[in-house]
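Here is the structure we will look at.
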Amino acid sequence: MQDMKLNQKIIAQEAKIKELSGKYSKLLDDYKKLKQSSIKFRIESKLDRLFSAIYAILDSSDNGTSLIHKVTLFFKTMFKWALSGFKLEEAQTQVARFEICKHCPEIIKPNMQCRLCGCLMKNKVKISGASCPLKKW
């Protein structure tokens, strides 16, 4: 009985994520077409609310390690990176970030993947505007 309730909850969460993903895609398309900064700001605000809605769907009992949580963080990071014009961090910042990650207990070695966000850190440390889920950088 409890498994059936859990399955129903997961199905409902997946449906909501699919709906929100569609909204995300539309907003991103609209954003790409815009040139006026005031309209871009409104789109960014809507996207922030969208990400907040996705986070609200996540079950807090998973400690932020669910696949849905990781996918949400990925899209948020990629969106911020796109807004920056796909800028990369300076080499010394990349090295400093990677050194912090090397000593983090949440890193899965040998591929240096973060257990919390799912990212491969050799790539994420290069992205301008990216951040550590533990706020270490």
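Values quoted throughout were computed directly from the atomic coordinates according to the rules given, and no laboratory measurement underlies them. Fair warning: this is a prediction, and the values are worked out from it, not measured in the lab. Positions of Cβ are generated from backbone atoms using ideal geometry, with glycine treated the same way; all protein chains shown enter the neighbour counts.
Of the residues making up the stretch 114-128, just one is loosely packed, with under 15 Cβ neighbours inside 10 Å and either over 20 Å from Leu67 (Cβ atoms) or in contact with a helix residue (DSSP H, G or I) (Cβ under 9 Å, 6 or more places away or on another chain) (or both), namely Lys122.
Considering only residues that are polar (S, T, N, Q) and part of a loop (DSSP other than H, G, I, E, B), look in the stretch 98-137 and name the one that is nearest to Leu28 (Cα to Cα).
Only one residue fits best here, namely Ser128.
I'd like the full set of residues that are within 22 Å of Leu67 (Cβ to Cβ) and surrounded by fewer than 12 Cβ atoms within 10 Å (Cβ to Cβ), limited to the stretch 96-109. Passing the criteria: Pro105, Lys109. Within the stretch 85-97, residues that are in a helix (DSSP H, G or I) sit with their Cβ atoms under 6 Å from residues that are among the basic types (Lys, Arg), at 6+ positions apart or across chains, in these pairs: Gln94/Lys126. Name the residues in the stretch 69-95 that are surrounded by 17 or more Cβ atoms within 10 Å (Cβ to Cβ) and basic (Lys, Arg), would you? Lys70, Lys76 - these are the residues of the stretch 69-95 that are surrounded by 17 or more Cβ atoms within 10 Å (Cβ to Cβ) and basic (Lys, Arg).
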